[in-house]
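A short reminder: the numbers here are calculations on the coordinates, not readings from a lab. Worth saying up front: this structure is predicted, and the values here are computed from it rather than measured. Neighbour counts are summed over all protein chains in view; Cβ atoms, including those assigned to glycine, are modelled from backbone coordinates with ideal geometry.
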Amino acid sequence: MDAKEQRYIMATTILVGAQWGDEGKGKIIDVLTDRNDIVVRYAGGNNAGHTVEVGDQKFVLHLIPSGILHPGKVCVIGNGVVVDPVALVAEMDGLVKRGIKVGSDRLLLSETAHMVLPYHRELDAQREVLKGKQKIGTTKRGIGPAYGDKAARIGLRMIDMAKPKEFSEKLARKVKENNEILRALGAKPLPVAAISQEYLAAAKRLRPFVANTVVYLHNAMKAGKNILFEGAQGTFLDIDHGTYPYVTSSNTTAGGACTGSGVPPNKMNTVIAVMKAYTTRVGEGPLPTENAMISDLLHGLGREFGATTGRPRRVGWFDAVATRHAAMVNGIDELAVTNLDGLDTLERIKICVAYRAGGKTYETMPNDLAVLAKCKPVYIEMDGWKQPLHEVKTYGELPAKARAYVEKIAELTGAKLAIASIGPRREQTLTT
Ligand code: IMP
């Protein structure tokens, strides 16, 4: 093992997205998994879509950590995640069909994780319709309503599946209750019996996987295991630190790894943030550097379509105001910059270093969305490298202009560059 690899051996690593999600975290997590024993998901639900290419096979994972693709690694779905039991069973079955072992020795599901149920999905969709032009652009996976029930203390949790009779009664009661709300919204009520049957079957299947994951993780730390906490979504989709209300419903930033797993802050060693060499976002909400030219360029290459919903992502220039904010709230130790190769053909590349609105310059992200919506980016420009990067084997072999660009965006973010990624394959991951 060389010195570069050695530095990724550590007790605990949190990996987060520094932008609006879809930063290419799945691939970096996959690379880091080699050096860890356990991979933990701590927030979000099956709204996430982590794409990982292993050999000539492509996997898209929504709930299960990509560590499942590595024999011998243990994956934990932590208490901070919201889990649709039926969707989880479908994801497990999909993996098993492709020859991946998904036994209860390899996958643990927190007994205190909350459930996403069909009425959450339906409510998610109906609320979006009600919002009209103000819609969030959610993934319609029921994530917001599920976290809403958690906060309102009326949710069902994985631990409830342990007692099938009580679970079935609680579920039927909840479906009926929510049917009243759906009717009031002018939507169709959901079939109580069919849902009970479907979710009882999923509960039976998942029961062996349900565990006290907090105790499991603490025992693992005592045994000297290395743990990777894999973030979903990104900093600006965080319910507290993102562009509210155009956010998801969980803490996607580094602090969420503690609350979403039960591992305390003083046991966390390193935060690695992943960001694209440009900016993307799916769904509604402000995106100050959005740009039609770079958007058309990437969509034309068949890139930047959502892994969960297939929606074209909105694309813009790199926004250092945003990533500086991400460095503040996450406390980034190391940066991984992905999709550098997406910019291969550009003559000149813009980087946003500040915003201007109403005669004022903003070096940090304004919280008032009305101000943010008016913000015009202040750009600096750099030369493009104008050559394909995908065959480059080491960081030092990158063209000088590509290195200058990636080092500039790391400097403007205020974090140390550790990884530059130039394609979806594992070997296209260059460490500095
Ligand atoms: P929700 O999480 O489905 O409620 O969606 C809320 C917002 O977060 C929407 O703008 C979604 O497009 C966005 N979002 C949720 N999950 C992801 C993700 O994995 N990548 C990027 N955006 C996401």
What is the set of long-range amide H partners of V82 at a cut-off below 5 Å, with H atoms built 1.01 Å from backbone N? G44, G45
T361 to A400: FRET efficiency via 1/(1 + (r/R0)^6), r the Cβ-Cβ distance, R0 35 Å, to the nearest 0.05? 0.65
More than 25 Å apart: what percent of Cα pairs in region 25-129 qualify? 19
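Per residue of the chain, what 222 nm ellipticity follows from adding -39500 (n - 2.57) for every DSSP H run with n ≥ 4, rounded to the nearest 500?
Values: 13 runs with 140 residues, N = 432.
-9500 deg cm²/dmol, from helical runs alone.
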Quick one: 3J(HN,Hα) in Hz for region 151-158, Karplus 6.51/-1.76/1.60 with θ = phi - 60°, rounded, Gly and Pro as x. 5, 7, 6, 10, x, 9, 10, 4
³J(HN,Hα), Karplus 6.51/-1.76/1.60, whole Hz, each residue of region 287-297, x for Gly, Pro: 8, x, 9, 3, 8, 5, 4, 6, 5, 4, 4
Take N212 and A152, extend 7 Å from each Cα along the Cα→Cβ direction, and tell me the distance between the two endpoints in nm. 3.1
Show me the three semi-axes of the equivalent ellipsoid for region 114-208, from the C-alpha gyration tensor (sqrt of 5 times each eigenvalue), largest first, rounded to whole Å. 25, 14, 11
How do R141, R35, R403 line up, fewest other C-beta atoms within 10 Å first? R35, R403, R141
For region 247-263, in order, what is each residue's ³J(HN,Hα) by Karplus, 6.51 cos²θ - 1.76 cosθ + 1.60 with θ = phi - 60°, in whole Hz (x at glycine and Pro)? 9, 8, 10, 10, 8, 8, 7, 4, x, x, 5, 6, 5, x, 9, x, 9
Write down, largest first, the equivalent ellipsoid semi-axes of the chain in whole Å, where each equals the square root of 5 times an eigenvalue of the alpha-carbon gyration tensor. 36, 27, 19
Charges only on Cβ, +1 for Lys and Arg, -1 for Asp and Glu: so what's the dipole of region 114-208 about the Cα centre, in debye to the nearest 20? 160
Could you list which residues have their amide H under 5 Å from that of T12, counting only those 5 or more apart in sequence or on another chain, with H placed in the peptide plane? I227, N269, T270
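Treat every Asp and Glu Cβ in the chain as -1 and every Lys and Arg Cβ as +1, leave all other atoms uncharged, and give the resulting dipole magnitude about the Cα centre to the nearest 20 debye.
Details: 57 positive and 46 negative charges, 192 e Å.
Roughly 920 debye for the chain.
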With unit charges on the beta carbons (Lys and Arg positive, Asp and Glu negative) and the dipole taken about the Cα centre of the chain, which residue among H50, V39, S104 sits farthest to the positive side? S104
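Assuming a ≥ b ≥ c are the square roots of the Cα gyration tensor eigenvalues, decide whether region 305-393 counts as rounded (a/c under 1.5), prolate (otherwise, with a/b larger than b/c) or oblate.
Values: a/c = 1.68, a/b = 1.52, b/c = 1.11.
Because a/c hits 1.5 or more and a/b exceeds b/c, region 305-393 counts as prolate.
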What distance in nm separates the two pseudo spin-label positions at K225 and K188, each 7 Å out from Cα along the beta-carbon direction? 4.4
Can you give me the Rg/Rh ratio for region 256-412, using Cα atoms for both radii and the Kirkwood formula for Rh? 0.98
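Determine the alpha carbon to alpha carbon distance for each of K135/K374; K25/K135; K25/K393; K97/K276; K25/K416; K27/K267 and list only those over 22 Å.
Working: K135/K374 19 Å; K25/K135 26 Å; K25/K393 20 Å; K97/K276 32 Å; K25/K416 17 Å; K27/K267 25 Å.
Going by Cα-Cα distance, K25/K135; K97/K276; K27/K267 fall outside the 22 Å limit.
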For Q19, other-chain or 5+-apart residues with amide H closer than 5 Å (H placed, Pro excluded) are T235, F236
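Roughly how big is region 253-312's charge dipole about its Cα centre, with Cβ charges of +1 (Lys, Arg) and -1 (Asp, Glu), in debye to the nearest 20? If you can, show how the numbers build up before the last one.
On the way: 5 positive and 4 negative charges, 50 e Å.
Around 240 debye, computed over region 253-312.
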Considering the chain as a Gaussian network with a 10 Å cut-off on Cα pairs, which listed residue, I159, I181, I64, attains the greatest mean-square fluctuation? I181
